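**Student:** Before I ask anything, here is the structure I am working with.
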Amino acid sequence: MEDWFVLGGDGNWTCGKGEIRTTVIPQLFIGEGNGAELAEKLVHDRGFEWWIHE
């Protein structure tokens, strides 16, 4: 997913793989069970503002 979103020259997030208005961007849906556990781990590891961490 990191390649899909890039910081544009205007300071706004945009699609890194084509025109954001027409490109079909993958979506992730996290449900109960393993998905919820993975989500909690990602938030714990990266925080809510993952895009500003290096």
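**Student:** Of all residues in segment 33-49, count the ones that are outside any loop (DSSP other than H, G, I, E, B), of a type in the set (D, E, K, R) and surrounded by fewer than 10 Cβ atoms within 10 Å (Cβ to Cβ).
**Tutor:** So the answer is 1.
**Student:** Please name all residue pairs, on different chains or six or more residues apart, with Cβ atoms under 9 Å, provided the first residue is in segment 16-41 and is over 18 Å from V6 (Cα atoms) and the second residue is at pLDDT 75 or above and open to solvent by less than 60 Å² (accessible area, probe 1.4 Å).
**Tutor:** Final answer for the pair search is F29/G35; I30/A36; I30/A39.
**Student:** Residues of segment 1-15 being under 19 Å from E49 (Cβ atoms) and surrounded by 10 or more Cβ atoms within 10 Å (Cβ to Cβ), which ones?
**Tutor:** W4, F5, V6, L7, G8, W13, T14, listed by residue number.
**Student:** Can you tell me which residue among I52, I20, I30, I25 is in contact with a helix residue (DSSP H, G or I) (Cβ under 8 Å, 6 or more places away or on another chain) and either open to solvent by 90 Å² or more (accessible area, probe 1.4 Å) or at pLDDT 75 or above (or both)? Walk me through it before giving the result.
**Tutor:** On the way: I52 fails: in contact with a helix residue (DSSP H, G or I) (Cβ under 8 Å, 6 or more places away or on another chain); I20 fails: in contact with a helix residue (DSSP H, G or I) (Cβ under 8 Å, 6 or more places away or on another chain); I25 fails: in contact with a helix residue (DSSP H, G or I) (Cβ under 8 Å, 6 or more places away or on another chain).
Step by step, each of I52, I20, I30, I25 is checked, and only I30 is in contact with a helix residue (DSSP H, G or I) (Cβ under 8 Å, 6 or more places away or on another chain) and either open to solvent by 90 Å² or more (accessible area, probe 1.4 Å) or at pLDDT 75 or above (or both).
The values are calculated or read from the model by the stated rules, or taken from the named source; none is laboratory data. What you see is a predicted model; the values in this text were computed from it and never measured. A quick note on method: Cβ atoms are made from the backbone with ideal geometry, for glycine too, and the neighbour counts reach across all protein chains shown. Areas reflect the complete protein model, heavy atoms only, side chains present, ligands, DNA and RNA absent. Shrake-Rupley method; radii C 1.70, N 1.55, O 1.52, S 1.80 Å.
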